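Enquirer: Attaching a single structure in structure tokens format; questions to follow.
The values are calculated or read from the model by the stated rules, or taken from the named source; none is laboratory data. Everything numeric in this text was worked out from a predicted model, so none of it was measured. Cβ sites come from the backbone with ideal geometry, for glycine too, and all protein chains shown count toward neighbours.
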Amino acid sequence: MIITPAEPHDVTKLLAFREEAADWLRGLGSDQWSRPYPADKLLATIESGTVFMLRDGHTTAGTITLTPDAEEGLWTDSELIEPSMFVNKLTVAREYAGRNLGGRLLDWAGDRAFRAGAAWLRLDAWTTNEALQQYYLAKGFTHVRTVREGVAVNGGPRVSGWLAQRAARPADHDFTDRAPTPERLPSAA
């Protein structure tokens, strides 16, 4: 499988991924991702070069967003001084479930973060999705705290405030990486 940067034409696929994941989560009793994600915001993240696609031939098996920018209001000033990269919107197509692609994408993200000079790979997860939180703990993340107050970047109530981190580290994710070499983080230069 190959990891490549997302391209503008991938917006449709990414929105479909989110809808598929929301339907699956709804079947599990979770309201995660039940609000539609604005296509223009998704396109902006693609154009910023932070969205990556996992491709299996002509099929997209998964996606991950990896950014040096934390969502406002989640991490403290002292935490933000530490060079970090942040995982968002990790999604694996249901037809690829059960193959540890999510774990391998997290390993890829941690490796990329390490190569950028980050000390930490950080994420925020849905506050009420305990199964997802347990998944991240099983993948080596440590729970930092849960932020419930405040307003999310999209203007709605804060629903994704379970914060976790693990050390950025080299990893053998076994993907062919076609993403450009990550830029060094300013605080790691």
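Enquirer: Output the number of residues of region 105-131 satisfying the condition of being part of a helix (DSSP H, G or I) and out of contact with any helix residue (DSSP H, G or I) (no Cβ under 9 Å at 6 or more places or on another chain).
Expert: The qualifying residues number 12.
Enquirer: List the residue pairs whose Cβ atoms are under 6 Å apart, where the first residue sits in region 95-121 and is over 17 Å from ILE2 (Cβ atoms), the second is of a type in the set (Ser, Thr, Tyr), and the two are 6 or more positions apart or on different chains.
Expert: From region 95-121, the pairs are ALA118/SER84; TRP120/SER84.
Enquirer: Across region 140-152, what is the number of residues that are surrounded by fewer than 19 Cβ atoms within 10 Å (Cβ to Cβ) and either without any contact (Cβ under 8 Å) to a residue 60 or more places away in the chain or not in a loop (DSSP other than H, G, I, E, B) (or both)?
Expert: So the count comes out to 9.
Enquirer: In this structure, does ALA93 turn out to be surrounded by fewer than 18 Cβ atoms within 10 Å (Cβ to Cβ), in contact with a helix residue (DSSP H, G or I) (Cβ under 8 Å, 6 or more places away or on another chain), hydrophobic (A, V, I, L, M, F, W, C) and closer than 23 Å to ILE46 by Cα?
Expert: No, not satisfied.
Enquirer: If we keep just the residues of region 135-189 that are among the aliphatic types (A, V, I, L, M) and more than 26 Å from GLY73 (Cβ to Cβ), which is modelled with the lowest pLDDT?
Expert: Among those that are among the aliphatic types (A, V, I, L, M) and more than 26 Å from GLY73 (Cβ to Cβ), it is ALA189.
Enquirer: Within region 123-132, is even one residue of a type in the set (Asp, Glu), touching a strand residue (DSSP E or B) at 6+ places or on another chain (Cβ under 8 Å) and at negative phi?
Expert: Yes, there is a match, as at least one residue in region 123-132 is of a type in the set (Asp, Glu), touching a strand residue (DSSP E or B) at 6+ places or on another chain (Cβ under 8 Å) and at negative phi.
Enquirer: Another one. On the basis of being at pLDDT 95 or above, among the hydrophobic types (A, V, I, L, M, F, W, C), surrounded by 18 or more Cβ atoms within 10 Å (Cβ to Cβ) and farther than 21 Å from VAL51 by Cβ, does LEU123 make the cut?
Expert: Here the answer is no, as LEU123 does not meet what is asked.
Enquirer: If the requirement is being of a type outside the set (A, V, I, L, M), surrounded by fewer than 20 Cβ atoms within 10 Å (Cβ to Cβ) and either closer than 25 Å to GLN165 by Cα or under 14 Å from the mean Cα position of the chain (by Cα) (or both), which of these qualifies: ARG35, ARG18, ARG55?
Expert: ARG18
Enquirer: ALA70 passes all but one of (1) modelled with pLDDT of 95 or more; (2) closer than 21 Å to LEU121 by Cβ; which number fails?
Expert: All conditions pass for ALA70, except number (1).
Enquirer: To continue, here is another question. Filter region 103-115 for residues that are within 16 Å of VAL51 (Cβ to Cβ) and either surrounded by fewer than 22 Cβ atoms within 10 Å (Cβ to Cβ) or of a type in the set (D, E, K, R) (or both) and give the result.
Expert: Answer for region 103-115, where residues must be within 16 Å of VAL51 (Cβ to Cβ) and either surrounded by fewer than 22 Cβ atoms within 10 Å (Cβ to Cβ) or of a type in the set (D, E, K, R) (or both): just ARG112.
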